[in-house]
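The values are calculated or read from the model by the stated rules, or taken from the named source; none is laboratory data. Note that this is a predicted model, so its numbers are computed, not measured. Methodologically, a virtual Cβ is constructed for each residue, glycine included, from the backbone with ideal geometry; neighbour enumeration extends over all protein chains shown. To get the accessible areas, we keep the full protein, side chains included, count just its heavy atoms, and leave off ligands, DNA and RNA. Shrake-Rupley method; radii C 1.70, N 1.55, O 1.52, S 1.80 Å.
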Protein chains: 2
Amino acid sequence: LGRRIGVLGLGLIGGSIGLGLREADSTTRVVGYDPDRLAVLGALERGAIDEAVDSPVEAATGAAVVMLAMPVEDIAATCSALASGLDPGSIVSDAGSTKKGVVEAGESAIGPRFVGGHPMAGSERHGIDAADAALFDGAWWILTPTSRTSPDAYSDVSAIVQSLGAKPVAVDPEVHDSLVARLSHLPQLTASALVEVASTASDRDALLGLAARGFRDVTRIAASNPDLWVGIVRSNRPAVLEALKGLAGRLQEVSDMIERGEWDKLRDLLDRTREARLGLFAKPDFGGEPVGLTLMVPDRPGVLAEVTTAAGQLGANIEDLRIVHSTEGGRGRLELVLAGRESAELLVGALVRLGYRVDRVAD
Amino acid sequence: LGRRIGVLGLGLIGGSIGLGLREADSTTRVVGYDPDRLAVLGALERGAIDEAVDSPVEAATGAAVVMLAMPVEDIAATCSALASGLDPGSIVSDAGSTKKGVVEAGESAIGPRFVGGHPMAGSERHGIDAADAALFDGAWWILTPTSRTSPDAYSDVSAIVQSLGAKPVAVDPEVHDSLVARLSHLPQLTASALVEVASTASDRDALLGLAARGFRDVTRIAASNPDLWVGIVRSNRPAVLEALKGLAGRLQEVSDMIERGEWDKLRDLLDRTREARLGLFAKPDFGGEPVGLTLMVPDRPGVLAEVTTAAGQLGANIEDLRIVHSTEGGRGRLELVLAGRESAELLVGALVRLGYRVDRVAD
């Protein structure tokens, strides 16, 4: 193929994307940019990029795909800066930790060829030195198509994500933001708050070294990059505030139970959350044999997002997808490949409820 | 030696103690009791005990040391039940997760030969099947001597703990309870609350599977045994409530910062907690070459606790300790072996401030 992919931002995520892209296909030419010269040198040295350029626009010029792996608060401005210089067929995707604002800005600047994304992988380490081609191996990579997203662009980004070893799953941008507020941003802030509470009594600091594994695990993420996290929280303010409020309410309930000696209620809570925690990762692995589905869809905006986010909300993993436009106009055929019969059946049910007619492709 | 050690409670902790004791010294005879017949059978099968008996009293009869590894809320009643049947020289220690109430009950029933303890090791798994001789390897094992504790009993329990691979450190019972409330009980309850918040929106449950490693780490302990935890929280009510209040306050501060857009303040908080978290385990390892200290002490209760808890609060690890009683009466000589010169120097400073005269033993 030999296509050119621009990677903007050469930290943990951008560096890992570069390493993974080059490992997956040696003919891909990865062109990288980062305002930090040391990051650029590191990326060249580690083989995360083939070529370094001096500006975001240069990295995007002639690129089939541009991956934005910079801090989330810089993505909107970068999209605006890139817009006019992009080739007509170029696709832009990002790896920002929040999506609603980013996707709005990306679509407004780039149009239907902007596909929001967020790899659910990371590390408390950061920077190019921590980059690793295996970072995304087996991890979920959320994509956030909307009613405007081009199916071809979606399909292309999905293929890139899979070439990095990740499993793409489509989620509505706003649902994504609420989800990561609860699954990521809230735990992050809480870990920091727990460290503060633990280290309150200064005269006993030496004793903190006694902390057992539980405390170490719970607070591990408190060692993450503060600047990065301020940016993330800032870009997801309403959802984070709601999540914090939710936690405060739960903790107050726990306090009340203990204060009142309601031990059965406390046991119920711990039982329930134990089950939930154990069940969380015992979920059907969204995996299995590929199953093909095909459905006729009206050739109007929103169809792709409706179908892919239905899949995402069911936990059905779309492995491949393309739209065949009808020559008669007005309608097209959407072809999907789902991972696993269970996923496929769930999705067929949901799509039928949404009014689609779905056919299974014979094995 | 061939001495008899009774282990009461054959779950994760009791089973691991039994396995470790037998591995450390094949002449030790471990006699075990548990009300749960399956636990007893498992302990015999796994080789955690040499002999099973039918009651706590039988396990304690003729034992040089009795280790109580039962749920914390059962320890007080067990101490009362054992008291009259114990040999005069027998030592009783426990592994309960809270110490103030346990130590009061233990001392009231057993006297100066009760030594409170708490291994800072554990697992989200529980029961005899999860028992492991290596569970305590390199872990801290808090001991909570008081003004009543017999130095010989303390020294003996400390040696047992070390034979299990753990590092004993002395802490005042009340300081211990406040510490574990903040380092263990609060994170435990918070992990459960975070799982509740995450799984609130039922229609999106499938998406929880997307959680990245951070969430998995933070909530891992939410899979712990609910019955065990209700018992622990119940036995440490005031300290847990205070810790919960502390966390609620911190989270409110975080909310306020986000609400008001005080990003510099949020960055400061994240910076501070990052440093604290990184520093937590970069502390002097309480380790190093053994250094001998000797000090003349008045032959009165409380001296041992004063010295050992001073060491604990400094993070100085007492590796060995004995009291040589003076024939002239009224005074004795306390001999200590500290791990590392740094520990020794810190402790000498603290002891001098407490009014002791300390001599270093020549290498």
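General observations
- Compared with the alpha-carbon gap, the fully stretched path from A:Glu45 to A:Asp268 is longer by 74.9 nm at 0.36 nm per residue.
- Accessible-area ranking of A:Arg113, B:Arg277, A:Arg353, B:Arg322, largest first, probe 1.4 Å: A:Arg353, B:Arg322, A:Arg113, B:Arg277
- Among the protein heavy atoms, those of B:Ser108 account for about 100 Å² of accessible surface (1.4 Å probe, every chain in place).
- Take the accessible area of B alone and of A alone, subtract that of the pair with a 1.4 Å probe, and the total buried over both chains is about 8700 Å².
- Comparing B:Asp74, B:Asp320, B:Asp264 in a Gaussian network model of chain B, where Cα atoms under 10 Å apart are tied by springs, the biggest mean-square fluctuation is seen for B:Asp264.
- Between A:Asp359 and A:Thr27, the FRET efficiency estimated from the beta carbon spacing at R0 = 60 angstrom works out to 0.95.
- Residues of region A:71-95 falling in the label zone of A:Ser163, defined by backbone nitrogen less than 16 Å from a point 7 Å along Cα to beta-carbon, are A:90-94.
- Region B:138-153 residues near the modelled B:Asp320 label - backbone nitrogen below 18 Å, point 7 Å along Cα→Cβ: B:151-153
- Taken residue by residue and averaged, Cβ atoms of other chains lying within 10 Å of the Cβ of B:246-256 number 6.
- Taking all protein chains into account, the per residue accessible area for region A:31-141 stands at 39 Å² (1.4 Å probe).
- Computed over region A:114-265, relative contact order equals 23 percent, with contacts defined as Cα pairs under 8 Å that lie 6+ residues apart.
- Cα-based Lys proximity count in the protein assembly as shown, under 26 Å, for pairs eight or more positions apart or on separate chains: 21
- Ordered by solvent-accessible area of protein heavy atoms (1.4 Å probe), largest first, the residues B:Ser147, B:Ser184 come out as B:Ser147, B:Ser184.
- 16 Å reach of a label modelled at A:Arg125, 7 Å along Cα-to-Cβ, counting backbone N of region A:220-246: A:221, A:223-225
- 222 nm mean residue ellipticity, helices alone, for chain A (DSSP H n ≥ 4; -39,500 (n - 2.57); rounded to 500): -14000 deg cm²/dmol
- Under 12 Å, Cβ to Cβ, from B:Ala81 - net charge with Lys/Arg +1 and Asp/Glu -1: -2
- When the Gaussian network model of chain B links Cα atoms closer than 10 Å, the mean-square fluctuations of B:Ala69, B:Ala211, B:Ala24 top out at B:Ala211.
- Note on A:Met296: accessible area approximately 90 square angstrom, rounded to 10, probe 1.4 Å, nucleic acids and ligands left out.
- Simple spin-label estimate for B:Ala134 and A:Leu241 in nanometres, 7 Å along Cα-Cβ: 5.0 nm
- Peptide A:234-242, shielding by other chains (average Cβ, 10 Å cutoff): 2
- With label points set 7 Å from Cα along Cα→Cβ, the inter-copy distances at B:Glu104 are 5.7 nm, sorted shortest first.
- Region A:1-160: C-alpha gyration tensor shape, a/c 1.5 cut-off, then a/b vs b/c: rounded
- Under the criterion of Cα pairs below 8 Å and six or more residues apart, the relative contact order for chain B equals 14 percent.
- The residues B:Glu45, A:Glu104, A:Glu196, B:Glu306, sorted by heavy-atom accessible surface at 1.4 Å with ligands and nucleic acids left out, run B:Glu45, A:Glu104, B:Glu306, A:Glu196 from largest to smallest.
- Based on Cα contacts under 8 Å between residues 6+ apart, region B:94-188 shows a relative contact order of 31 percent.
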